[in-house]
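Have a look at the structure below, then the notes.
The values are calculated or read from the model by the stated rules, or taken from the named source; none is laboratory data. Computed from a prediction, not measured in an experiment: that's the story for all the values here. No Cβ is skipped: glycine too gets one built from the backbone with ideal geometry, and neighbour counts run over all protein chains shown. All accessible areas refer to the heavy atoms of the entire protein, side chains included, with ligands and DNA or RNA removed. Shrake-Rupley method; radii C 1.70, N 1.55, O 1.52, S 1.80 Å.
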Amino acid sequence: MEYKIKYATMDELNSWMELVRLVSWNFPGLETEELLDGYKNTVIKNINRKSAICAVSEDKVVGILLFSTKYNMLCCMAVHPAYRKRGIAKRMMKEMMSNLDKNRDIIVDTFREEDSKGIAPRALYTSFGFEPAELVENFGYPNQRFVLRAK
């Protein structure tokens with residue numbers, strides 16, 4: 001299955017949200033319709049500021065990534081279960097990194113080591129040179145910050 005990495009446009013919004021609904025069980029802060037609506041508004045803001053990257057296969061969004069240049073941070077990333085282990089997350093991250101300030105630390109919050117949800121993302125971030133940092137909580141869920149130190 002071929003896919004293309006691109007900056008999301010409003011044309012992809014509905015497909016983006018379909019993917020989010022599919023994987024929302026895995027993301028604290030997306031448990032209710034109200035929270036999903038808030039997330040959708042965040043996606044729209046990111047689309048407008050060109051900080052929303054997606055992977056598209058046959059007009060369907062199969063990977064999503066939101067980032068912040070203000071905070072030099074990967075905010076949210078997910079890949080459709082049927083499209084995992086194809087390099088989509090790596091390619092989206094490389095595109096994101098080309099937009100972030102390498103003279104500042106780059107951060108991402110992910111699942112803690114003992115959380116089975118964290119196995120794949122922690123391995124991915126480590127492969128890019130990110131290192132585990134402080135323990136944090138997001139949406140009432142225990143996470144750990146990973147940091148890619150500025151060069």
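Quick check, is Val62 surrounded by 15 or more Cβ atoms within 10 Å (Cβ to Cβ), assigned to a strand (DSSP E or B), touching a Leu at 6+ places or on another chain (Cβ under 9 Å) and β-branched (Val, Ile, Thr)?
When the stated conditions are applied, Val62 passes them.
Among the residues of the range 1-50, write down those that are surrounded by fewer than 17 Cβ atoms within 10 Å (Cβ to Cβ), touching a helix residue (DSSP H, G or I) at 6+ places or on another chain (Cβ under 8 Å) and of a type in the set (S, T, N, Q).
Thr9, Asn26, listed by residue number.
Among the numbered conditions (1) within 20 Å of Ala52 (Cβ to Cβ); (2) touching a residue at least 40 places away in the same chain (Cβ under 8 Å), tell me where Asp105 comes up short.
Failing condition for Asp105: (1).
Take the residues in the range 76-92 that are charged (D, E, K, R) and part of a helix (DSSP H, G or I), then tell me which one is nearest to Lys117 (Cα to Cα). I'd like the intermediate steps shown before the answer.
Step one: filter the range 76-92 for residues charged (D, E, K, R), giving 84-86, 90-91.
In the following step, the residues that additionally are part of a helix (DSSP H, G or I) were identified as 90-91.
Values: Lys90: 18, Arg91: 21 Å.
Step by step, filter the range 76-92, then rank; the result is Lys90.
Take the residues of the range 108-124 that are acidic (Asp, Glu) and open to solvent by less than 60 Å² (accessible area, probe 1.4 Å): which is nearest to Met77 (Cα to Cα)?
The residue in question is Asp109.
Looking at the range 79-87, can you tell me whether even one residue there is among the aliphatic types (A, V, I, L, M), in contact with a Gly (Cβ under 6 Å, 6 or more places away or on another chain) and surrounded by 13 or more Cβ atoms within 10 Å (Cβ to Cβ)?
First pass over the range 79-87, keeping only residues among the aliphatic types (A, V, I, L, M): 79, 82.
Now restrict to residues that are in contact with a Gly (Cβ under 6 Å, 6 or more places away or on another chain): 79.
Next, only the ones that are surrounded by 13 or more Cβ atoms within 10 Å (Cβ to Cβ) stay: 79.
Yes - at least one qualifying residue is present in the range 79-87.
Here is a list: Tyr71, Tyr39. Which entry is part of a helix (DSSP H, G or I) and modelled with pLDDT of 95 or more?
Residue meeting the stated conditions: Tyr39.
Does the range 125-151 hold any residues that are closer than 17 Å to Val23 by Cβ and open to solvent by 30 Å² or more (accessible area, probe 1.4 Å), and which are they?
Those that are closer than 17 Å to Val23 by Cβ and open to solvent by 30 Å² or more (accessible area, probe 1.4 Å): Asn138, Phe139, Tyr141.
With respect to Lys117, is the statement that it is modelled with pLDDT under 95, among the basic types (Lys, Arg) and outside any strand (DSSP E or B) true?
yes
Quick one: would you say Ile53 is at pLDDT 95 or above, assigned to a strand (DSSP E or B) and open to solvent by 10 Å² or more (accessible area, probe 1.4 Å)? If you could, list the steps in order and put the result at the bottom.
Numbers: at pLDDT 95 or above: yes; assigned to a strand (DSSP E or B): yes; open to solvent by 10 Å² or more (accessible area, probe 1.4 Å): no.
No; evaluated as a whole, the condition is false for this residue.
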